[in-house]
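Chemist: Below is a structure I'd like to ask you about.
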């Protein structure tokens, strides 16, 4: 169970209080701009609502040096259903969550594993460059 729920936003922590994941359910409703992550997170996640005809001002992002020590991962469930298990960094299971079509997930710490319940298509985003199997440690 989420230890913090607010209108379709769920936050999951380990017993020490470290944030492991944030889930934005497909039915989330909020204000115009909703950023869920603190400014210092290596991957920012938010959602905004726009009316027809509104315009987002064209812009570019200025290259800035950044150091990222922990890879965060964003997953969008485009279709299907799966079960997510969250783990502490010591590989102890914390909770299991069901994700469905339209749900979004930001993994911010600890470990994770998935079990596909219904055929899925996932869209994933994480920091690069990808270092192959040197980027992760698998466990059961």
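Chemist: State all residues of segment 90-112 that are farther than 20 Å from residue 24 by Cβ and surrounded by 13 or more Cβ atoms within 10 Å (Cβ to Cβ); if no residue qualifies, say none.
Modeler: 111, the sole residue that qualifies.
Chemist: List pairs: first in segment 58-71 and at negative phi and surrounded by 10 or more Cβ atoms within 10 Å (Cβ to Cβ), second at pLDDT 85 or above and not in a loop (DSSP other than H, G, I, E, B), Cβ under 7 Å, 6+ apart or cross-chain?
Modeler: From segment 58-71, the pairs are 71/126.
Chemist: Name the one entry in 83, 124 that is surrounded by 11 or more Cβ atoms within 10 Å (Cβ to Cβ) and within 21 Å of residue 8 (Cα to Cα).
Modeler: None of the other options fit; the residue is 83.
Chemist: Moving on to the next point. When the residues of segment 4-17 are narrowed to those that are surrounded by 14 or more Cβ atoms within 10 Å (Cβ to Cβ) and part of a loop (DSSP other than H, G, I, E, B), which ends up modelled with the lowest pLDDT?
Modeler: Residue satisfying both the conditions and the ranking: 8.
Chemist: So, in segment 31-53, how many residues would count as being in a loop (DSSP other than H, G, I, E, B) and under 20 Å from residue 125 (Cβ atoms)?
Modeler: 10
Chemist: Using the structure shown, decide if residue 75 is modelled with pLDDT under 90, within 28 Å of residue 140 (Cβ to Cβ), surrounded by 13 or more Cβ atoms within 10 Å (Cβ to Cβ) and in contact with a strand residue (DSSP E or B) (Cβ under 6 Å, 6 or more places away or on another chain).
Modeler: When the stated conditions are applied, residue 75 does not pass them.
The values are calculated or read from the model by the stated rules, or taken from the named source; none is laboratory data. All values reported here derive from a predicted model rather than from experimental measurement. With ideal geometry, Cβ positions are generated from the backbone for all residues, glycine too; neighbour counts draw on all protein chains shown.
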